[in-house]
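The values are calculated or read from the model by the stated rules, or taken from the named source; none is laboratory data. Being a predicted model, the structure only gives us computed values, none of them experimental. With ideal geometry, Cβ positions are generated from the backbone for all residues, glycine too; neighbour counts draw on all protein chains shown.
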Amino acid sequence: MRLQHTGTRCMKLAGVSVERAGRLLLSGLDCTLHTGEIIVVLGPNGAGKSSLLLALAGLISASGGIEVLGKPVSSYSRNDLTRQLAWQGELPPTEFGLSVRQRLELAADTISESIESTAAVMDIVPLLACPLGELSSGERQRVELSALMLRETPIWLLDEPTAHLDLKHQICSINMLKAQRDHGRAIITVLHDIQQAMAVADHLILIDGLGGAEYGAADVLFDSDRLSRLFDAPLVRHGTLLVPDYKGVT
């Protein structure tokens, strides 16, 4: 991968606000994102986490300023923008009759990339000859994560990358995200699992769905009182972890 040096500014958000269907989801978000970092977006269902990613990808409009590698996101053509960032949300359709290998070959930016070695990271080597339409949702998710790895885009926008995955492959994916960060990717990802977020996050963006948005260092924002208010659910600290207090839910 030919990626930016770790620590290079890749995105800047200045007073970003997102509104959908007449509802203000978040307002006044300011932050600067750098390569070699993982930023986890947390918040309750419907708060606007996916909408924020769509705005960062230039797929929906937002007020305020969004810069990608020093240029306004609105100034990029769609083709040029997709060379700088990759967005992955819901699983794409499988009606095109492609095999897993063909899907990965289409994704690869250079012919020198090894399909097999990338597939091995996500444990899909036995699936390479399979049609996409025959895969389970979890297998399909791992294929799409593998496809991302074959691209040279410095910025990833991921909406629940561990969705559909069993425990083994959740761990695999979390480790892959950390390795990609260490290679210089900037990863902005929505997660719902607090333990997964604590395992990878350098910074957090917290969205409450009422217009509130907060950015900061993960070790500061991983606070039981703050996150209990955000999710309207009790979280308690057990050693270094924050865990749901199921006994406290009424």
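When you scan the range 211-236, how many residues do you find that are in a helix (DSSP H, G or I) and either under 22 Å from the mean Cα position of the chain (by Cα) or within 24 Å of residue 16 (Cα to Cα) (or both)? Residues in the range 211-236 being in a helix (DSSP H, G or I) and either under 22 Å from the mean Cα position of the chain (by Cα) or within 24 Å of residue 16 (Cα to Cα) (or both): 9 in total. If you go through the range 102-142 and keep only what is surrounded by fewer than 17 Cβ atoms within 10 Å (Cβ to Cβ) and farther than 20 Å from residue 172 by Cα, you end up with 102, 105, 106, 109, 110, 111, 112, 129, 130, 131, 133, 134. Among the residues of the range 196-210 satisfying the criterion of being in contact with a Lys or Arg (Cβ under 9 Å, 6 or more places away or on another chain) and part of a strand (DSSP E or B), which is surrounded by the fewest Cβ atoms within 10 Å (Cβ to Cβ)? Filtering the range 196-210 for residues that are in contact with a Lys or Arg (Cβ under 9 Å, 6 or more places away or on another chain) and part of a strand (DSSP E or B), the one surrounded by the fewest Cβ atoms within 10 Å (Cβ to Cβ) comes out as 206.
Of all residues in the range 217-234, those satisfying the criterion of being acidic (Asp, Glu) and within 15 Å of residue 197 (Cβ to Cβ) are 219, 223.
Here 38, 66 are screened, and the one residue that is modelled with pLDDT of 95 or more and closer than 21 Å to residue 230 by Cβ is 38. Is the range 203-212 home to any residue that is acidic (Asp, Glu) and closer than 16 Å to residue 89 by Cβ? So far as the range 203-212 goes, no, none of its residues is acidic (Asp, Glu) and closer than 16 Å to residue 89 by Cβ.
Among the numbered conditions (1) at pLDDT 95 or above; (2) more than 14 Å from the chain's Cα centre (by Cα); (3) within 18 Å of residue 91 (Cα to Cα); (4) not in a helix (DSSP H, G or I), the only one that residue 151 does not meet is (1). Only residues that are in contact (Cβ under 8 Å) with a residue 60 or more places away in the chain and more than 10 Å from the chain's Cα centre (by Cα) were counted in the range 165-191, giving 6.
Residue 165 passes every criterion in (1) buried (at least 16 other Cβ atoms within 10 Å of the Cβ); (2) part of a helix (DSSP H, G or I) apart from (2).
Among the residues of the range 44-63, just one is out of contact with any Leu (no Cβ under 6 Å at 6 or more places or on another chain) and over 15 Å from residue 20 (Cα atoms), namely 44.
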